[in-house]
Amino acid sequence: MKSEVINNCTEHWVVQPEVTNSEPQLYLILIHNDHYTPMEFVVALLEKFFNMDRVKATSTMLEAHMKGKAACGVFTKDVAETKITLTLSYARNHEHPLICSMEAAHE
C-alpha cells in the first residue's frame, strides 16, 4: 500500500499489478541427428517420452536423420525442460550421445 500526505490529509491507495490474460510462452523440443544413436532407440525414446505412436515416432526419427533435426512437440517451458532432462538422462544411461534442444515456438 502506498500513502501520501497532501494538505495534512493522508491518502491511501493500493497499487495492483497489471493483470494480463496472455498465454504462457511455448517451446518447441527438437531432436537432433547425431550419427551414433541407433534409429530403433530414437523411435522407442519418442514413443516413451513424447507419447508418439510407432508411425509418428518413425517419421520423426527419419526427419531428424534426413534433415538434421525434427520437432518432438510444443510444451510450456517447465514441461519442455523436464522432457529434455528425462530424455537425455535416459539416452546417457544407455550410453547414447543423443542431442535435444528447445526453442521458443513461433505462433
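Yes/no per residue for (1) more than 18 Å from the chain's Cα centre (by Cα); (2) at pLDDT below 95:
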position: I6; (1), (2): yes, yes
position: T20; (1), (2): yes, yes
position: E23; (1), (2): no, yes
position: V43; (1), (2): yes, no
position: G68; (1), (2): yes, no
position: F75; (1), (2): no, no
position: A80; (1), (2): no, no
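For region 50-72, filtering for residues that are touching a helix residue (DSSP H, G or I) at 6+ places or on another chain (Cβ under 6 Å) and crowded, with 20+ Cβ neighbours inside 10 Å leaves 5. Among the conditions (1) modelled with pLDDT under 95; (2) part of a strand (DSSP E or B), the only one that E103 does not satisfy is (1). The set of residues in region 89-98 that are closer than 19 Å to Y27 by Cβ and surrounded by 16 or more Cβ atoms within 10 Å (Cβ to Cβ) contains only L98. Among residues of region 60-73 that are under 15 Å from F50 (Cα atoms) and of a type outside the set (A, V, I, L, M, F, W, C), those with a Cβ under 8 angstrom from a residue that is at pLDDT 95 or above and not in a helix (DSSP H, G or I), sequence gap 6+ or separate chain, pair up as T60/I31; T60/M52; T60/A70; T60/A71; T60/C72; G73/L28; G73/I29. Note on region 77-98: residues that are touching a helix residue (DSSP H, G or I) at 6+ places or on another chain (Cβ under 8 Å) and either of a type in the set (V, I, T) or in a helix (DSSP H, G or I) (or both) amount to 5. In the set V74, V42, only one residue is outside any loop (DSSP other than H, G, I, E, B), under 30 Å from E23 (Cα atoms) and touching a Leu at 6+ places or on another chain (Cβ under 9 Å); that residue is V74. Taking the criterion of being touching a residue at least 12 places away in the same chain (Cβ under 8 Å) and acidic (D, E), the only residue of region 74-90 that qualifies is E81.
The values are calculated or read from the model by the stated rules, or taken from the named source; none is laboratory data. Note that the structure is predicted; figures quoted are calculated from it, not measured. No Cβ is skipped: glycine too gets one built from the backbone with ideal geometry, and neighbour counts run over all protein chains shown.
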